[in-house]
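Working notes, beginning with the structure itself.
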Ligand SMILES: [Zn+2]
């Protein structure tokens, strides 16, 4: 079965010692495509380089709300230039969003978020969204700027919030959160929403699965997330794997 990790920070330094092995190990288990979201402008060239090196790697460019304080004054211009060049494997704008749990002013987060939503809409690219206690303000901006779809990465909101995103044409990222029994609400939501709304992700190196706490997460774990999702939904791994694969392919317009 072919699978895609729709959200993996493969560019992070924690993969520097053995990135080749991590990619090969994932591919050997069927995880043949990986989408790397952008976090900071100075890292964007590395994403492009990785995508040029490995056929199964795609990437997004964007400024993550945790890192916006380190951005140079011309970050927006740099982003617009990259989007304008539209390299073949640049498939989205992200990881962008709003985080109410981080100590950065919401007005500044909104400035970055809105500027990037506008660029995504202008360049007709989907967005990869980071939301923490911010689903309502994010939904409000999505309705305003109308980027052509996207994904709420590692979704853990309510069923009502899930339905609001789905109605706008957005996908929900299913992460290792569902492997924890205590994540009852998220497990229930992922079992209830239409399969057409789901894509799989690890958020590696972060978000280790249940039983792997304290370890570095890896893209190969998509297979375990799929196995858990199949149990929660009472459907076969084959059918969920095929459906989520079709979803992510359409979302990011990945080559077949
Ligand atoms: Zn992320």
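Using the structure shown, decide if residue 255 is in a loop (DSSP other than H, G, I, E, B), closer than 30 Å to residue 86 by Cβ and more than 17 Å from the chain's Cα centre (by Cα).
Judged against the criteria, residue 255 is a match.
Identify all residues within the range 124-139 that are in contact with a helix residue (DSSP H, G or I) (Cβ under 8 Å, 6 or more places away or on another chain), over 14 Å from residue 157 (Cβ atoms) and within 16 Å of the ligand (Cβ to nearest atom); write none if there are none.
Listed by number, the residues that qualify are 126, 127.
Has the range 55-63 got any residue that is over 24 Å from residue 170 (Cα atoms), more than 15 Å from the ligand (Cβ to nearest atom) and touching a helix residue (DSSP H, G or I) at 6+ places or on another chain (Cβ under 9 Å)?
no
Counting only residues that are part of a helix (DSSP H, G or I) and either in contact with a strand residue (DSSP E or B) (Cβ under 9 Å, 6 or more places away or on another chain) or surrounded by 17 or more Cβ atoms within 10 Å (Cβ to Cβ) (or both), how many does the range 213-231 have?
Adding up the residues that qualify gives 10.
Could you grab me the full set of residues in the range 10-39 that are within 12 Å of the ligand (Cβ to nearest atom) and either assigned to a loop (DSSP other than H, G, I, E, B) or in contact with a helix residue (DSSP H, G or I) (Cβ under 7 Å, 6 or more places away or on another chain) (or both)?
Just the residues of the range 10-39 that are within 12 Å of the ligand (Cβ to nearest atom), to begin with: 10-12, 35-39.
Of everything in the range 10-39, those that are within 12 Å of the ligand (Cβ to nearest atom) and either assigned to a loop (DSSP other than H, G, I, E, B) or in contact with a helix residue (DSSP H, G or I) (Cβ under 7 Å, 6 or more places away or on another chain) (or both) turn out to be 10, 11, 12, 36, 37, 38, 39.
Rundown of residues vs (1) surrounded by 13 or more Cβ atoms within 10 Å (Cβ to Cβ); (2) within 19 Å of the chain's Cα centre (by Cα); (3) farther than 24 Å from residue 34 by Cα, yes/no style:
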residue	(1), (2), (3)
75	yes, no, yes
88	no, yes, no
93	yes, yes, no
99	yes, yes, yes
126	yes, yes, no
138	yes, yes, yes
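Looking for whichever is more than 12 Å from the ligand (Cβ to nearest atom) and touching a residue at least 40 places away in the same chain (Cβ under 8 Å) here; the options are 76, 82. Which one fits?
Residue meeting the stated conditions: 76.
I'd like to know if the range 106-120 contains one or more residues that are within 22 Å of residue 202 (Cα to Cα) and either part of a loop (DSSP other than H, G, I, E, B) or within 16 Å of the ligand (Cβ to nearest atom) (or both). Don't jump to the end; show me each part of the working.
Here is the first cut: in the range 106-120, the residues within 22 Å of residue 202 (Cα to Cα) are none.
No, every residue in the range 106-120 fails to be within 22 Å of residue 202 (Cα to Cα) and either part of a loop (DSSP other than H, G, I, E, B) or within 16 Å of the ligand (Cβ to nearest atom) (or both).
For the range 140-156, give me each residue that is farther than 17 Å from residue 37 by Cα and within 16 Å of the ligand (Cβ to nearest atom).
Residue satisfying the conditions is 156 alone.
Residue under question is residue 123, and the condition is that it be farther than 20 Å from residue 201 by Cα, at pLDDT 95 or above and in contact with a strand residue (DSSP E or B) (Cβ under 8 Å, 6 or more places away or on another chain); does it hold?
yes
Go through the range 164-185 and count every residue that is touching a helix residue (DSSP H, G or I) at 6+ places or on another chain (Cβ under 9 Å), surrounded by fewer than 23 Cβ atoms within 10 Å (Cβ to Cβ) and part of a helix (DSSP H, G or I).
Here the count works out to 5.
The values are calculated or read from the model by the stated rules, or taken from the named source; none is laboratory data. Since the structure is predicted, the reported quantities are computational estimates derived from the model, not experimental observations. Glycine also receives a Cβ, built like all others from the backbone with ideal geometry; neighbour counts cover every protein chain displayed.
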